[in-house]
Amino acid sequence: DERLFEAFSALDVAEPNATHYALARLAKRGILKGCFTTNFDIYLEKALIEENVDFELLVENIEYERYFENYMKDDRNNNKFLLCKVHGTIERPNSIVSIASAYKSAKGFSAPKASVFEKLIKNYPCLFLGYSGWDFNHLNYRSFWERIGPYVKKILWNQRPNEESGPNFQDIFSTCWSVFEFTEANLPEGLINAIEKTPELKLFVA
């Protein structure tokens with residue numbers, strides 16, 4: 001409700017951190033093609049603007065639908081970095097998904113969002129950063145991975161050193177387990193070091 005939206009305004013009082021800037025600079029170099037995030041804050045947007053990265057922001061279902069129709073359906077080129085905010089943004093309080101029950105509605109991981117995510121994951125390796133993965137226990141996510149798994153290009157799931165928590169990854173990603181790989185690194189140094197070792201790599205981050 002409105003009291004909850006007021007609390008989210010606290011996410012707009014700080015500045016981007018080193019990880020936000022690392023992602024923005026990778027986007028500027030053309031290494032990072034897009035980002036799916038469940039965060040509500042706008043720190044990545046601020047970092048992209050400061051680094052002069054031209055980007056396309058998708059929040060509402062209609063924006064995902066238009067982007068897919070205009071660019072992805074016929075594989076048309078769009079050189080802009082793609083930033084997809086799955087759970088909304090604090091700049092649009094009514095877009096925010098803050099409770100798990102929203103996954104059952106079009107406000108959560110909806111069909112338009114899934115279509116864009118699916119197209120990206122078929123074309124690029126996907127790197128998961130700072131994400132627990134517990135959302136993927138929800139039925140619509142599990143159905144998505146079961147269906148799209150055979151077409152996944154590559155999944156790299158980064159964990160911090162000694163981090164062991166998370167859902168049953170092998171169960172969730174059973175249809176693409178052969179292209180699933182855990183990585184281990186602190187951010188942002190580990191991310192930058194890994195990317196610099198493989199400069200030809202094109203990927204997107206979730």
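The values are calculated or read from the model by the stated rules, or taken from the named source; none is laboratory data. Treat the numbers as computed from the prediction; the structure is a model and nothing was measured. Heads up, the Cβs are rebuilt from the backbone with ideal geometry, glycines too, and the neighbour counts pull from every protein chain shown. All accessible areas refer to the heavy atoms of the entire protein, side chains included, with ligands and DNA or RNA removed. Shrake-Rupley method; radii C 1.70, N 1.55, O 1.52, S 1.80 Å.
Descriptive notes on the structure:
- For Lys122, solvent-accessible area (1.4 Å; no DNA, RNA or ligand), Å²: 80 Å²
- Assuming charge only on the beta carbon of Lys and Arg (+1) and of Asp and Glu (-1), the dipole of the stretch 110-199 about its Cα centre is about 460 debye to the nearest 20.
- Surrounding net charge for Pro16, when Lys and Arg each add one and Asp and Glu each subtract one, Cβ distance under 11 Å: -4
- Cut-off 14 Å between beta-carbons: net charge of the residues surrounding Glu118, Lys and Arg +1, Asp and Glu -1: +3
- The phi torsions of the stretch 172-183, fed into the Karplus equation with coefficients 6.51, -1.76 and 1.60 and a -60° offset, translate into couplings of 5, 9, 4, 7, 9, 4, 5, 10, 9, 9, 7, 10 Hz, rounded to whole numbers, with Gly and Pro shown as x.
- Placing unit charges on the Cβ atoms of the charged side chains and taking the dipole of the stretch 113-188 about its Cα centre, the candidate lying farthest along the positive direction among Gly130, Ser174, Phe117 is Phe117.
- Here the label points at Glu189 and Asn77, each 7 Å from Cα along the C-beta direction, are separated by 3.8 nm in the simple model.
- 11 Å beta-carbon shell around Ala185, net charge (K/R +1, D/E -1): -2
- Separation of the Glu91 and Tyr151 label points, Cα + 7 Å toward Cβ, nm: 3.0 nm
- Computed over the stretch 126-177, Kirkwood Rh from alpha-carbon pairs, angstrom: 11.6 Å
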